[in-house]
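The structure under discussion appears below in the form of structure tokens.
Every read-out reported here was derived from the displayed coordinates using simple, explicitly stated rules and does not represent laboratory data. Computed from a predicted structure; not experimentally measured. With ideal geometry, Cβ positions are generated from the backbone for all residues, glycine too; neighbour counts draw on all protein chains shown.
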Amino acid sequence: MSIDGLANWVEYGIKHYNQHPQRQIEYFSMETADSKAMLMKERSGTLFIDSERELDLYMRAMWDDPEQLVPYSRGYNPYEQQQPYYSADGIRVPDSYEPLNGISGIDRYRALLAHMAAHRVWTESIVADNFSPFQRHTVITLEDSRVEYLLMQRYPGLRSLFMALHPAPVEGSCEHDRESCIRHRTAMLSRAILDPDHGYENEIVNEFVNRFHEVMESGEHSTQKMGVLGAQFVARTR
């Protein structure tokens, strides 16, 4: 089970048998029916440990990438949602995935690993200190869009996964006079880049969608060019 599922099982045993030491010993020795039932209840979704070999073969077959996959718990820190990432000692992935928007847990892993592998192939280093926080966020969004656009060209079957998992913000639903709408705008931009049927009418969003595709079709796209495009988008919409 996932680490947070194990934590829920432990907390249940502490809470419900706090006044009954012998029953608590039996619970944590897995000698009671409710101990086993709680374990089964917390075992949900697709567990990385059950799919590790398949996902490792997926990375090798599709990307010739033998990098070690290292799971982390999504429930370890309830105040901070850890994101998948890669470093010199491996690719960090969640220890479990629930189905989402009709996409199974194993397909969520496949979409995640394809995205990570694409960054490892196509993303170049960039000097982030030159950007403001809004610019950095926008550049990251555009670079994510670039690698997923390239992924869809190479493996068209990934399109249905990415489109189901990608946010589809409603145009006009963010109140600009009450809150920062940078994430709303960039999610619209990213959706419009990847979805030809996005239906957004915002002139600036559509202008930058067209500029993105012009860069991609020129064959001279790069992380650096996404940096320029991202900075210009923030300047136009701030």
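The figures follow:
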| read-out | value |
| --- | --- |
| Within straight-line cross-link reach of LYS41, aspartates and glutamates at Cα separation under 18 Å, skipping those fewer than 8 residues along the same chain | ASP4, GLU11, GLU31, ASP50, ASP95, GLU98 |
| Formal net charge of residues neighbouring ASN210 (Cβ-Cβ distance under 11 Å; K, R +1; D, E -1) | -3 |
| Inverse mean reciprocal Cα-Cα distance (Kirkwood Rh) of the range 78-153, Å | 14.2 Å |
| Neighbour count of at most 11 Cβ within 10 Å plus DSSP loop: longest GluC sites (Glu not before Pro)-free window in the chain | 125-174 |
| Point-charge dipole on Cβ atoms (K/R +1, D/E -1) for the range 129-238, about Cα centre, debye to 20 | 280 debye |
| Amide H partners (placed H, <5 Å) of THR46, local residues excluded | TYR97, GLU98, GLY105 |
| Pair-distance profile P(r), taking every C-alpha pair of the range 167-238, with 5 angstrom steps and integer % | 3, 15, 27, 26, 18, 8, 3, 1, 0 |
| Kirkwood-Stokes translational diffusion coefficient of the chain, alpha-carbon pairs, 10 °C, 1.306 mPa s, µm²/s | 77 µm²/s |
| Of all DSSP beta bridges in the range 1-120, antiparallel share, percent nearest 5 | 60 percent |
| MRE, 222 nm, helices only [DSSP H, n ≥ 4, -39500 (n - 2.57), over the chain, to nearest 500] | -19000 deg cm²/dmol |
| Nearest 10 degrees, 0 to 90: helix 3-16 Cα axis against the chain principal axis | 40 degrees |
| Hull volume in cubic angstrom per residue (convex hull over the Cα atoms of the range 1-101) | 140 Å³ |
| Chymotrypsin sites (Phe, Trp or Tyr not before Pro), loop per DSSP, at most 13 other Cβ atoms within 10 Å - longest free stretch of the chain | 80-238 |
| Under Karplus coefficients 6.51, -1.76 and 1.60, residue-wise ³J(HN,Hα) of the range 132-137 in Hz, glycine/proline x | 6, x, 5, 5, 4, 4 |
| Vicinal HN-Hα couplings computed from phi for the range 103-118 (Karplus, 6.51 cos²θ - 1.76 cosθ + 1.60; Hz; Gly/Pro x) | 9, 5, x, 5, 6, 5, 4, 4, 5, 4, 5, 4, 4, 5, 4, 5 |
| Calculated Rg and Dmax of the range 99-238 using C-alpha coordinates, Å | 14.9, 42 |
| Cubic angstrom per residue, convex hull over Cα atoms of the range 145-208 | 87 Å³ |
| Alpha carbon centroid spacing (whole Å) that separates the range 1-79 from the range 151-202 | 34 Å |
